[in-house]
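Below: one structure, written as structure tokens.
The values are calculated or read from the model by the stated rules, or taken from the named source; none is laboratory data. As the structure is a computational prediction, the values presented were derived from the model and not from experiment. Neighbour counts run over all protein chains shown; Cβ positions are idealised from the backbone, glycine included. SASA here: full protein model, heavy atoms, side chains in, ligands and nucleic acids out. Shrake-Rupley method; radii C 1.70, N 1.55, O 1.52, S 1.80 Å.
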Amino acid sequence: MAHISGWRTSSRSQGQGQCVEVGFGADHVGVRDTKNRGAGRIEVASQLWKDFVGGVKNGRFDQG
């Protein structure tokens, strides 16, 4: 597992606790459940995360 730090949640979550946290490492991004941080996390290569975020911003995953 890569060293991941700087975990943060979206400002849009408004403290509801129903979201995920994202943290960054040297070459990986980690994603974990806000309510159950100790249960594990997924890690993806930084470039794949950038591609995913770019796709979200461009509407690539929008329905309809």
Can you list the HN-Hα couplings for the stretch 51-62, worked out from phi with the Karplus curve (6.51, -1.76, 1.60; θ = phi - 60°), rounded to whole Hz and with x for Gly and Pro? 5, 4, 4, x, x, 4, 5, 8, x, 4, 9, 5
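Over 12 Å apart: what share of the alpha carbon pairs of the stretch 1-46 falls there, rounded to a whole percent? Provide the component values of the computation, followed by the final result.
Values: 588 of 1035 pairs.
When every Cα pair of the stretch 1-46 is considered, 57 percent fall beyond 12 Å.
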What's the carbon and sulfur percent of the chain's accessible surface, probe 1.4 angstrom, rounded to a whole number? 49
Output ordering of 41-53, 24-36, 1-13 (per-residue mean of other Cβ within 10 Å, highest first) is 24-36, 41-53, 1-13
Heavy-atom surface of the chain, accessible at 1.4 Å and reported per residue (Å²): 77
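Just how large is the dipole of the chain about the Cα centre, in debye to the nearest 20, putting +1 at every Lys and Arg Cβ and -1 at every Asp and Glu Cβ?
My answer is approximately 180 debye.
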